[in-house]
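Q: One structure, as structure tokens, below. Some questions next.
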Amino acid sequence: MSVPPRPPFDPELVPSLVELNSELPAAITRDMIGALRERGVRQAPGDETDMTLGGAFTEHEHIAVGPDGHGVPLLVWRPREVSTNTGALYWIHGGGMIGGVHRGGEIPTLLAYAHELDLIVVSVDYRLAPEHPHPTPVEDCYTGLVWLHESVAELGVDPNRVVVGGASAGGGLAAAVNLLARDRGGPAIRAQLLLYPMLDDRNDSVSAHQMAGVGMWDRTSNATAWDCLLQGAQGGPDVSPYAAPARARDLSNLPPAFLDVGSAETFRDEVVEYASRIWKAGGQAELHVWPGGYHAFDSVAQDAALSRCAQSQRLPWLRRVLTD
């Protein structure tokens, strides 16, 4: 492949990326998974951190038992006052399928959305690859969603106001959970919030080649993650769409989707293509491609103007889909 030059990074985002790359390079290999996980734990808020939005929510742990008997840990943030209209945001954390924690730094922002829109937040702690390859991660996530719907009476949740979302690998898992729910006739999902989702195991798009060796989560990192999840089957003919949603032949009859991605990141082309295929199948999708954004730029450089702009689009979309 003749690879054209990559789009430039937004200058305001560069210092945060340089700082990040000094600790975590763009190219993650298998021998670095331990360090990746340790960094994720260090970066996450500790147990002593108030994650209740100043007491507006209560935080509780729950266990959802899956078909294999495994207990999937869940964290539930419930408003102190719920109404007959209270919905839920079911959240799947990122980390390339190989890392990440479910009590992460994105939770306060999600709670702010939930406070505005009268939602509970449920975050799932799925098992990670390579110790637990596909289908374990997505089945854990589906188990948590089933638990949520089975618990709506206890939680005080309207089962018709459930949004499934995630970022990066969590966005890919959220897309896969939506496919599973559709194909199994499973729990109702109102909408899907897919932030720079990891969708395609083939890892061969123009954007993947453009970002080799630079940014955050380059083509090597992506190859590492898919190899861990699919145990060498990535890129082959028989990859399940519940592992890599870009492999789904049919994207019809899915809940409305919000997708965003940076113009200067590995996942750009697969996210744009996924949104386009939803439209072609007659579905609803709102797509944002942020110029000069690298992967997860809004998390890495939270105060940058582009980050604030990206973050500002999610609450209005949630409000629209939850009030339609």
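Q: How many residues does region 171-191 contain that are aliphatic (A, V, I, L, M) and within 15 Å of P159 (Cα to Cα)?
A: Here the count works out to 4.
Q: Sticking with this structure for a sec: Kindly establish whether Q234 is closer than 29 Å to E131 by Cβ and crowded, with 20+ Cβ neighbours inside 10 Å. Explain how you work it out, then say what you get.
A: On the way: closer than 29 Å to E131 by Cβ: yes; crowded, with 20+ Cβ neighbours inside 10 Å: yes.
In short, yes.
Q: Could you please find all residues in region 293-315 being basic (K, R) and either over 17 Å from the mean Cα position of the chain (by Cα) or in a loop (DSSP other than H, G, I, E, B) (or both)?
A: Passing the criteria: only R308.
Q: When both residues are 6+ apart or on different chains and their Cβ atoms are under 8 Å apart, which pairs have a first residue that lies in region 41-63 and is part of a helix (DSSP H, G or I), and a second that is surrounded by 11 or more Cβ atoms within 10 Å (Cβ to Cβ) and among the aromatic types (F, W, Y)?
A: none
Q: Another question about this same structure. Cβ-Cβ below 8 Å, separation at least six or inter-chain, first residue in region 22-33 and modelled with pLDDT under 95 and buried (at least 17 other Cβ atoms within 10 Å of the Cβ), second small (G, A, S) and assigned to a loop (DSSP other than H, G, I, E, B): which pairs?
A: Sorted first by the residue in region 22-33, then by its partner, the pairs are A26/G213; A26/G215.
Q: When region 114-139 is examined, which residues are found to be in contact with a His (Cβ under 6 Å, 6 or more places away or on another chain) and part of a loop (DSSP other than H, G, I, E, B)?
A: Across region 114-139, the qualifying residue is only D125.
Q: Hey, can you tell me all the residues within region 64-84 that are outside any strand (DSSP E or B) and in contact with a helix residue (DSSP H, G or I) (Cβ under 9 Å, 6 or more places away or on another chain)? Write out each step before concluding.
A: Filtering region 64-84 down to residues outside any strand (DSSP E or B) leaves 66-70, 80-84.
Scanning region 64-84 gives G66, P67, D68, H70, V82.
Q: While we're looking at this one, here's another question. Suppose we keep only residues that are closer than 21 Å to Y274 by Cα and of a type in the set (D, E) within region 193-231. Which one would you say is surrounded by the fewest Cβ atoms within 10 Å (Cβ to Cβ)?
A: D204
Q: When residues of region 1-21 are filtered for being of a type in the set (V, I, T) and either part of a loop (DSSP other than H, G, I, E, B) or surrounded by 12 or more Cβ atoms within 10 Å (Cβ to Cβ) (or both), how many remain?
A: Counting residues in region 1-21 that are of a type in the set (V, I, T) and either part of a loop (DSSP other than H, G, I, E, B) or surrounded by 12 or more Cβ atoms within 10 Å (Cβ to Cβ) (or both) gives 2.
Q: If you check A264 against the conditions, is it part of a helix (DSSP H, G or I), of a type in the set (A, V, I, L, M) and surrounded by 17 or more Cβ atoms within 10 Å (Cβ to Cβ)?
A: Values: part of a helix (DSSP H, G or I): no; of a type in the set (A, V, I, L, M): yes; surrounded by 17 or more Cβ atoms within 10 Å (Cβ to Cβ): yes.
No.
Q: Let me ask you something else. Based on this model, can you work out whether R190 counts as modelled with pLDDT of 95 or more, closer than 25 Å to L229 by Cα and surrounded by fewer than 22 Cβ atoms within 10 Å (Cβ to Cβ)?
A: Criteria not met by R190.
Q: Suppose we filter A35, A56, A44 for residues that are more than 27 Å from L194 (Cβ to Cβ) and aliphatic (A, V, I, L, M); which single one remains?
A: Selected residue: A35, the only one of A35, A56, A44 that is more than 27 Å from L194 (Cβ to Cβ) and aliphatic (A, V, I, L, M).
The values are calculated or read from the model by the stated rules, or taken from the named source; none is laboratory data. Since this is a predicted model, take the numbers as computed values, not measurements. Cβ coordinates were reconstructed from backbone atoms using ideal geometry, including for glycine residues, and neighbour counts include every protein chain displayed.
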